[in-house]
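What follows is a short report on a single structure.
FYI, it's all coordinate maths here, none of it is from the lab. Just so it is clear, the structure is predicted and the values come from calculations on it, not from any experiment. Here the Cβ positions follow ideal geometry from the backbone for every residue, glycine too, while neighbour counts run over all protein chains shown.
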Amino acid sequence: MIPYGRQDISDDDIKAVVAALKSDFIAQGPAVAAFEAAVAAKVGARHGVAVNSATSALHIACLALGVGPDDRVWTSPITFVASSNAALYCGASVDFVDIDPIRWTMSVAALEQKLKAAKTSGTLPKVVIPVHFMGEPCDMAAIAALAREYRFKVIEDAAHAIGGRYDDNPIGACQHSDITVFSFHPVKVITTGEGGMAMTNDDSVAKALRRLRSHGITRDAGDMTGGTHGGWYYQQLELGYNYRMTDIQAALGLSQLQRLDDFVARRHALADRYDALLKHLPLQLPLRDARHYSGLHLYPVVLHRHDRRAVYDALQAAGVGVNVHYIPVHTQPYYQRLGFKAGDFPNAEQYYARTLTLPLYPGLAEAEQDTVVAALAKALA
Ligand SMILES: *Cc1c(COP(=O)(O)O)cnc(C)c1O
């Protein structure tokens with residue numbers, strides 16, 4: 001079976017993990033700090049705060065921006081459930097902004113319309129979480145302009161997008177956002193097994209993120225109430241979590257980061273090949289905006305007229321592990337119980353009804369890609 005995504009682990013990665021295991025630190029230690037500094041330098045952010053998943057990063061990102069029970073958070077319905085669950089963890093309420101039917105990311109026109117209505121009804125969001133679906137950047141300059149006008153904060157869900165660029169800036173530089181979140185799950189662009197990181201240029205947000213990932217505890221005397229009792233002393237200032245990354249994971253991440261540019265370049269070469277090989281088939285192919293550079297985590301296609309389930313089953317039977325990204329979050333039973341209904345976000349629902357994600361990962365051989373294309377052509381014949 002050709003999977004839709006797969007990690008690429010080298011001998012150097014394995015050596016780095018073994019070295020971490022033999023070192024004095026295997027939980028959060030110097031390798032985590034080194035990984036944070038390396039990712040921050042790579043993407044041009046002041047701070048990186050490593051955690052045990054992007055889901056955790058999204059949760060503490062919401063908390064660090066002050067999201068609480070009286071607040072609203074908006075995101076795209078075409079995302080993994082974690083993007084919106086993070087806001088629910090904070091007790092906030094969630095709403096969605098429909099996607100653009102060509103770009104498949106949050107529609108800025110729909111966002112603006114929804115903001116206008118929310119201003120009238122006094123229900124503006126505290127935070128908007130645009131998702132760089134597939135690795136393709138959302139229109140961040142336009143979203144940032146709306147953020148200034150309507151006074152909301154922005155968390156970029158860049159789980160798909162490390163290694164990409166918005167204009168000439170690496171995604172993660174937070175040029176147009178307060179916080180950007182990466183995922184290091186094995187199917188994503190680089191991996192730490194499980195892991196994530198929150199990037200920010202704001203010193204006080206970074207401090208809050210560091211506290212929240214570790215029980216709300218500080219060891220910085222300057223932040224304590226009443227002063228320190230001595231070298232052993234710490235204070236819990238708020239209710240935090242144990243969301244720490246281990247040095248074993250960070251060692252893998254540091255080693256993977258060396259190949260980030262190669263991984264994304266290989267994804268682009270394969271995506272260009274898909275574009276050429278698939279252009280005569282009855283499909284809508286994913287758009288890549290030439291002004292930016294996608295992280296290219298995913299290569300979804302939309303079927304013009306075929307039954308998606310039949311094509312999915314035929315490809316699976318042919319050994320091609322196609323997948324579907326994503327089931328619109330608002331159609332999940334849990335979200336239906338919160339009051340969302342089928343029909344709420346029609347572009348997302350129409351996209352979902354006809355999409356399939358084709359295999360794309362650095363180790364995918366061209367011969368395997370040809371097998372995928374041949375199986376898809378046969379299924380559509
Ligand atoms: C994978 C993913 C997440 C969650 O990442 P984890 O590291 O698995 O917690 C969040 N948002 C999007 C868009 C994702 O694809």
Just to be sure before I move on: is Tyr241 within 16 Å of the ligand (Cβ to nearest atom), of a type in the set (Phe, Trp, Tyr) and within 30 Å of Thr105 (Cβ to Cβ) in the structure I sent?
yes
### Task
Would you be able to say whether some residue in segment 61-68 is touching a residue at least 40 places away in the same chain (Cβ under 8 Å) and exposed (fewer than 15 other Cβ atoms within 10 Å of the Cβ)?
yes
Of the residues in segment 284-325 that are outside any loop (DSSP other than H, G, I, E, B) and within 16 Å of the ligand (Cβ to nearest atom), the one that is farthest from Asp168 (Cα to Cα) is Asn323
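So that you can scan it fast, the table gives a plain yes or no per residue for (1) more than 10 Å from the ligand (Cβ to nearest atom); (2) crowded, with 19+ Cβ neighbours inside 10 Å; (3) not acidic (Asp, Glu):
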position: Asp139; (1), (2), (3): yes, yes, no
position: Val154; (1), (2), (3): yes, yes, yes
position: Ile162; (1), (2), (3): yes, yes, yes
position: Tyr166; (1), (2), (3): yes, yes, yes
position: Asp178; (1), (2), (3): yes, yes, no
position: Ser183; (1), (2), (3): no, yes, yes
position: Ile190; (1), (2), (3): yes, yes, yes
position: Asp203; (1), (2), (3): yes, no, no
position: Ala206; (1), (2), (3): yes, yes, yes
Of the residues in segment 326-361, those that are surrounded by 18 or more Cβ atoms within 10 Å (Cβ to Cβ) and touching an Asp or Glu at 6+ places or on another chain (Cβ under 8 Å) number 8
Exactly one of Leu115, Leu124 is more than 14 Å from Leu287 (Cα to Cα), assigned to a loop (DSSP other than H, G, I, E, B) and of a type outside the set (Asp, Glu), and that one is Leu124
Contact list, first residue from segment 188-208 and under 16 Å from Arg259 (Cβ atoms), second anywhere and among the polar types (S, T, N, Q) and away from the ligand (no atom under 12 Å from the Cβ), beta-carbon distance below 8 Å, six or more apart or interchain, is Ile190/Gln256; Thr191/Gln7; Thr191/Gln256; Thr192/Gln256
Within segment 113-137, the residues that are more than 18 Å from Ser294 (Cα to Cα), crowded, with 17+ Cβ neighbours inside 10 Å and either more than 16 Å from the ligand (Cβ to nearest atom) or acidic (Asp, Glu) (or both) are Lys114, Leu115, Ala118, Leu124, Pro125, Lys126
Quick count over segment 60-103, residues being of a type in the set (Gly, Ala, Ser) and away from the ligand (no atom under 12 Å from the Cβ), is 7
